[in-house]
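Novice: Take a look at the following structure, please.
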Protein chains: 2
Amino acid sequence: MSGSSTIYRSSTTAPVNIAVIKYWGKRDTALNLPTNSSLSVTLSQKSLRTHTTASCSESYSGPDSLILNGDKEDIQSSKRTQACLKHLRSLRQQLEAKDTSLPKLSKLTLRLVSANNFPTAAGLASSAAGFAALVRAIADLYELPQSPQELSLIARQGSGSACRSLMGGYVAWRAGTKEDGSDSLAEEVASVSHWPQMRALILVVSAEKKGVPSTAGMQTTVETSTLSPARFKDIVPKRMQDIEKAIQERDFETFARITMQDSNSFHAICLDSWPPIHYLNDVSRAAMNAVETANRKAGKLIAAYTFDAGPNAVIYYLEENAHKVAGVIKNILPWTSGWEGEFGEAIPPNEFGSLEQKTLMTLKAGVSRVICTAVGGGPEKVENHLIDEQGNAIRD
Amino acid sequence: MSGSSTIYRSSTTAPVNIAVIKYWGKRDTALNLPTNSSLSVTLSQKSLRTHTTASCSESYSGPDSLILNGDKEDIQSSKRTQACLKHLRSLRQQLEAKDTSLPKLSKLTLRLVSANNFPTAAGLASSAAGFAALVRAIADLYELPQSPQELSLIARQGSGSACRSLMGGYVAWRAGTKEDGSDSLAEEVASVSHWPQMRALILVVSAEKKGVPSTAGMQTTVETSTLSPARFKDIVPKRMQDIEKAIQERDFETFARITMQDSNSFHAICLDSWPPIHYLNDVSRAAMNAVETANRKAGKLIAAYTFDAGPNAVIYYLEENAHKVAGVIKNILPWTSGWEGEFGEAIPPNEFGSLEQKTLMTLKAGVSRVICTAVGGGPEKVENHLIDEQGNAIRD
């Protein structure tokens, strides 16, 4: 390594997002083109984020590399990562071709170092934040002029839902119709400031065993579920319209109902797949029951559950109802870790009188930690680098 | 009561049936007309049956009455029971009008006594066997000439699936298209003797709580599940054709696949209902897992699970595979009651090497009893009456 070469570095943090209209099914597996549009809430990076530094230098040799949470990843054989890197390099090359005074960064070896602030064992889909951070960090390193929406096309090729983590607030991923995927991208439906009161409580369920991986599961559903075509074609498009309107109007009841219905619809087509795919377990159902009880007690929908490809529950609610929703869970699980921090400490515990004993016991036995968070902003450029001035990885 | 009046009596036993293509959804709630055709296997009365005596006499006064498992039932306010009685009486009246020498039984008070040979707590749908026995016993009492198929129209009005318990073997309930329901009736697809090797192992799951009643649940699904129209309109009609062919050809693999897929499809539209309906729990999923393991080990489908509106698993298999299917369960649950009797004693226990520890533990903790049975015949007239010669109920 030549000590005199410049070490170019750029760092970013990127958020996790949790869909309220689910992405489940690809119409093109190579390009990660979905069978339907989807919509998510970007979650605060105070609770969950990926931090990534992208770096390049003439002093680096050999292939591009990625260190993720301290371990070297094999990115050479990852077609998805290679597709992102190739696309970003070609955009840099266009800049270099137009302005020959620019350093030829596109020719240099990339070193990437990435770290999550949450345990992988939490079973949270970290690939969305991971690919969003990777794309954002390299785009900044290359000083690309592309908008988050344009970059979302690239992140999508890394991991479908990653395209939604390039923006904050309420984000739609438009399925698009073009074969090359050039219209399959993310779009901000509403910013954080439009509806900042949205809160999310995540119940992390002690995972006994990893379920069917989502890429394989999606293909099984697309190929075998006879109920799924109606979901792809008619049901989701209608729900997208309705939930976008609900978000515009800050209509929580409609938002909640559609969120729960769409989660159930997604798990229904999983069960309808052959062989059937199960992500929900008795703990998940206890969480659904707790939400239903809170809603019944309030006489209106003040909480909404949603489940991704695993048993963890994500419960959305508005800040004003914190004690009626998250407060009940806090009272059931006071010693579970995760109540510390800005969003969790603000939750006043609440009695759980009307919850069934069985629901209580199942939640006590099955929830291993909670995460208290809220709607949040998109990726942020940071000066805290994970690669030092000599080009070596620093532990986060 | 006048001691000199004749006490007319007729008794029958009727079987339980377990659907492999599920009935879930009514297009007419008053007439019990279904949204789709369904198909079931009639189960042996050696294991599960309802025994009913119908009786009438000039010496009986007051309203018609029914004693079920020793308790007086309120049949006056049961529209469904009243519809059956009214229909049967009118058929008797037609006979009496044609042949005036016949006693006017249609004018007499009916006394009905009925008893199941299995505990109600087992959570098995006893209404099918119950209404089939009631209709058959009264039809015999009235010496009606109608065929089982014609009587199935009447039983259907009592409880939809009851129409399938008027015949043995493999029975289809044709949804029909007429508004008055006159073409919505049961039909024997194949007799017991066509494919007598069919066995069924029922795993009775310790029911913590009764789920959503099926009549209410069906209506919720019809009114709210956006996935259900495809099931009613296209998916089930195709499966009916395919499974009837499989039964004709004694093709167990196709029979098994369709049985499992249709059970999953039914529970999928339940989950897709609003509010969602859950019948499967972690014990049910452990049973599915045990079946999948047996099939994987055999390299072909030798077992098929199906679940009605509750967590109990019904596992179909052929006699020749008893040790590979039921034998594994017998080895897991040797002390669970229900292995005695003709069908259970014949099952050789088998090692369960490849089953996951978690599946084993969940089944051990969650299965309260087993029922070993097989495909069986339709209702049988018996001389063992539940009403004595003085017209009084006898305990079964």
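Values quoted throughout were computed directly from the atomic coordinates according to the rules given, and no laboratory measurement underlies them. As the structure is a prediction and not an experimental result, all values here were calculated from the model. Cβ sites come from the backbone with ideal geometry, for glycine too, and all protein chains shown count toward neighbours.
Novice: Find how much the distance from A:TRP274 to A:THR6 grows on full extension, using 0.36 nm per residue of separation minus their present alpha carbon separation; answer in nm with one decimal. Write down the numbers at each step before the final one.
Specialist: Details: separation 268, 0.36 × 268 = 96.48 nm, distance 5.46 nm.
That pair, A:TRP274 and A:THR6, stretches by 91.0 nm at full extension.
Novice: How large are Rg and Dmax for chain B when only the alpha carbon atoms are used, in Å?
Specialist: For chain B, the Cα radius of gyration and maximum Cα-Cα distance read 21.4, 71 Å.
Novice: Determine by what factor the alpha-carbon radius of gyration of the protein assembly as shown differs from 2.2 N^0.38 Å, reporting the quotient.
Specialist: On the way: Rg = 31.6 Å, N = 792, 2.2 N^0.38 = 27.8 Å.
Expressed relative to 2.2 N^0.38 Å, the Cα Rg reads 1.14.
Novice: In addition: Name the residue farthest towards the positive end of the dipole of segment B:1-108 from the options B:GLY70, B:SER5, B:SER59, assuming +1 on Cβ of Lys and Arg, -1 on Cβ of Asp and Glu, about the Cα centre.
Specialist: B:GLY70
Novice: Now, a different point. Counting C-alpha atoms alone, how compact is segment B:198-374: give Rg to one decimal and Dmax as a whole number, in angstrom.
Specialist: Rg then Dmax for segment B:198-374, in Å: 16.6, 47.
Novice: If you don't mind, another one. Step through the table entries A:LYS79/A:LYS178; A:LYS26/A:LYS178; A:LYS22/A:LYS245, compare each Cα-Cα distance with 19 Å, and write down the pairs that go over it.
Specialist: Numbers: A:LYS79/A:LYS178 21 Å; A:LYS26/A:LYS178 14 Å; A:LYS22/A:LYS245 17 Å.
Pairs exceeding 19 Å: A:LYS79/A:LYS178.
Novice: Express as a percent, rounded to the nearest 5, the fraction of DSSP beta bridges in chain A (both residues included) that run antiparallel.
Specialist: Values: 55 of 59 bridges.
Among the beta bridges of chain A, antiparallel pairing accounts for roughly 95 percent.
Novice: Moving to a separate point now. Report the local net charge at A:ALA97: Lys and Arg +1, Asp and Glu -1, summed over other residues whose C-beta lies under 14 Å from its C-beta. It would help to have the intermediate numbers written out before the result.
Specialist: Details: positive: A:ARG89, A:ARG92, A:LYS98, A:LYS104, A:LYS107; negative: A:GLU96, A:ASP99.
Net local charge, A:ALA97 excluded: +3.
Novice: Going by alpha carbons, how many degrees (0 to 90, nearest 10) lie between the helix axis of B:127-141 and the longest principal axis of chain B?
Specialist: 30
Novice: While we're here: Could you grab the relative contact order for chain A? Cα pairs under 8 Å, six or more apart, rounded to a whole percent.
Specialist: Reported as a whole number, the value is 23 percent.
Novice: Given a cut-off of under 8 Å on Cα pairs at least six residues apart, what relative contact order in percent is computed for segment A:198-374? Please report the intermediate quantities before stating the final value.
Specialist: Working: 260 pairs, mean separation 59.9, N = 177.
For segment A:198-374, the relative contact order is 34 percent.
Novice: Below 20 Å, Cα to Cα, which lysines can B:LYS104 reach? Residues fewer than 8 away in the same chain don't count.
Specialist: B:LYS86
Novice: Right, something else. B:HIS194 to A:GLN241: FRET efficiency via 1/(1 + (r/R0)^6), r the Cβ-Cβ distance, R0 60 Å, to the nearest 0.05? Don't jump to the answer; show the numbers that get you there.
Specialist: Values: r = 52 Å, r/R0 = 0.87.
The pair B:HIS194/A:GLN241 has a calculated efficiency of 0.70.
Novice: Straight-line reach from B:LYS238: which aspartates and glutamates have Cα under 19 Å away, leaving out those fewer than 8 places along the same chain?
Specialist: Reachable aspartates and glutamates: A:GLU223, A:ASP272, B:GLU187, B:GLU188, B:GLU249, B:ASP251, B:GLU253, B:ASP262.
Novice: Using the Cα centre as the reference, give the magnitude of the dipole from point charges on the C-beta atoms of chain B (Lys, Arg: +1; Asp, Glu: -1; all else neutral), rounded to the nearest 20 debye.
Specialist: Working: 42 positive and 41 negative charges, 114 e Å.
With Lys and Arg at +1 and Asp and Glu at -1, about 540 debye.
Novice: A further question follows. Under the convention of a label 7 Å out along Cα→Cβ, give the distances in nm from B:GLY70 to the same position in every other copy, shortest first.
Specialist: 6.6
Novice: May I pose another question? So between B:LYS104 and B:SER59, what do we pick up on full extension, going 0.36 nm a residue minus the alpha carbon distance?
Specialist: Roughly 14.9 nm would be gained on extension.
Novice: Using unit Cβ charges (K, R positive; D, E negative) and no other charged atoms, how large, in debye to the nearest 20, is the dipole of the protein assembly as shown about its Cα centre? Intermediate results must be reported in sequence, preceding the final value.
Specialist: Values: 84 positive and 82 negative charges, 21 e Å.
Roughly 100 debye, rounded to the nearest 20.
Novice: Here is a follow-up. Springs between alpha-carbon pairs under 10 angstrom, Gaussian network model over chain B: which of B:TRP339, B:TRP173, B:TRP274 fluctuates most?
Specialist: Highest fluctuation among the options: B:TRP274.
Novice: With a/c under 1.5 counting as rounded, go ahead and sort segment B:293-366 into rounded, prolate or oblate using the C-alpha gyration tensor (a ≥ b ≥ c being the square roots of the eigenvalues; past the cut-off, prolate if a/b is larger than b/c, else oblate). Write down the numbers at each step before the final one.
Specialist: Numbers: a/c = 1.12, a/b = 1.01, b/c = 1.11.
Rounded is the answer for segment B:293-366, as its axis ratio a/c remains below 1.5.
Novice: Under a cut-off of 23 Å between alpha-carbon atoms, report the lysines in cross-link reach of B:LYS330, not counting same-chain residues fewer than 8 places apart.
Specialist: Here the lysines satisfying the reach criterion relative to B:LYS330 are B:LYS46, B:LYS297, B:LYS300, B:LYS358, B:LYS364.
Novice: From the C-alpha coordinates alone, can you work out the Kirkwood hydrodynamic radius of segment B:118-235, in Å?
Specialist: Numbers: mean 1/r = 0.0606 Å⁻¹.
Mean inverse Cα-Cα distance, inverted, gives 16.5 Å.
Novice: List the distances, in nm to one decimal, from the label point of B:PRO213 to the label points of the same position in every other copy, shortest first, placing each label point 7 Å from Cα along the Cα-to-Cβ direction.
Specialist: Here the equivalent label points are 4.9 nm apart from this one.
Novice: So what is Rg over Rh here for segment B:95-163, counting just Cα atoms and using Kirkwood for Rh? Kindly include the intermediate steps, with their values, before the conclusion.
Specialist: Numbers: Rg = 14.3 Å, Rh = 13.6 Å.
The Rg/Rh ratio comes out at 1.06.
Novice: Let me have the 222 nm mean residue ellipticity of chain A computed from DSSP H runs of 4+ only, each contributing -39500 (n - 2.57), with the sum over all residues rounded to the nearest 500.
Specialist: On the way: 10 runs with 128 residues, N = 396.
Here the helix-only value at 222 nm equals -10000 deg cm²/dmol.
Novice: Something else about it: Between copies, how far apart are the B:SER101 label points? List them in nm, one decimal, shortest first, with each point 7 Å from Cα toward Cβ, please?
Specialist: Distances between equivalent label points, in nm: 12.2.
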